[in-house]
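Asker: Input: one structure, supplied below.
The values are calculated or read from the model by the stated rules, or taken from the named source; none is laboratory data. Everything numeric here is computed off the predicted structure, so don't read it as measured data. Positions of Cβ are generated from backbone atoms using ideal geometry, with glycine treated the same way; all protein chains shown enter the neighbour counts. Side chains are part of the model used for accessible areas, which takes the heavy atoms of the whole protein and leaves out ligands, DNA and RNA. Shrake-Rupley method; radii C 1.70, N 1.55, O 1.52, S 1.80 Å.
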Amino acid sequence: MRQSNITVQYSLIQAFFWMAVAAASGFASLFLLDAGYTSAQVGMLIAAANLLSAAVQPMVAALADRPGAPSARRFVIYLSALAALNAVGLFFCHGKVLIGLIYGCTITLLQTNTGLVNAMGVLGSRQPNFGIAR
C-alpha cells in the first residue's frame, strides 16, 4: 500500500476519533446540566473521568504490550465500541446518578483511547505521515 493511502486511512481514524471526543466533551456540560447536575458537579465528574483515564491508560498500554495480546488497533476498536454503546445507552437512561456514571465512563473510555490512537500511527512496518494525519 502506498504511503499516501496509509496516511489517508490514519487521518480518517484520527478525524472520527477526535469528532467523538469533541462531541462528548463539548456537550458534557449542557447534557449533564439538563440531567440535573450543578456546574460544580459537572466539573467534578469530568475531572474524575479524566483522572480515571490517566490511571487506566498505563494498564491498557501494559496489556497491549504483552505477547499474544490484542493489537493496539483491536484495543481502539473495543474501547470505541464500548464508548459508542455507552453513548447510545444515554438515550435510554433515566436517573441523575446513572446518567452521570455512563457519561463519565464514556469520557474515560475516549480519553483512554487517545494514546492508543496515537500509537497506531507509529506501530507497524508501514507508517503514515503522522504530522499530516494529526
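Asker: How do the pairs read when you match residues in the stretch 79-90 that are at pLDDT 90 or above with residues anywhere that are assigned to a helix (DSSP H, G or I) and open to solvent by 50 Å² or more (accessible area, probe 1.4 Å), using Cβ under 7 Å and keeping only pairs 6 or more apart or on different chains?
Answerer: Sorted first by the residue in the stretch 79-90, then by its partner, the pairs are Asn86/Cys105.
Asker: Give me a count of the residues in the stretch 91-129 that are in contact (Cβ under 8 Å) with a residue 40 or more places away in the chain and either farther than 20 Å from Phe27 by Cβ or in contact with a strand residue (DSSP E or B) (Cβ under 9 Å, 6 or more places away or on another chain) (or both).
Answerer: Selection size over the stretch 91-129: 11.
Asker: Restricting to the stretch 17-27, what's the tally of residues that are open to solvent by less than 80 Å² (accessible area, probe 1.4 Å), under 15 Å from Val88 (Cα atoms) and out of contact with any Ser or Thr (no Cβ under 9 Å at 6 or more places or on another chain)?
Answerer: Qualifying residue count for the region: 1.
Asker: Conditions first: (1) open to solvent by 50 Å² or more (accessible area, probe 1.4 Å); (2) in a helix (DSSP H, G or I). Asn86 passes all but one, so which condition is the exception?
Answerer: (1)
Asker: Is it the case that Ser29 is part of a helix (DSSP H, G or I), under 14 Å from the mean Cα position of the chain (by Cα) and of a type outside the set (A, V, I, L, M)?
Answerer: no
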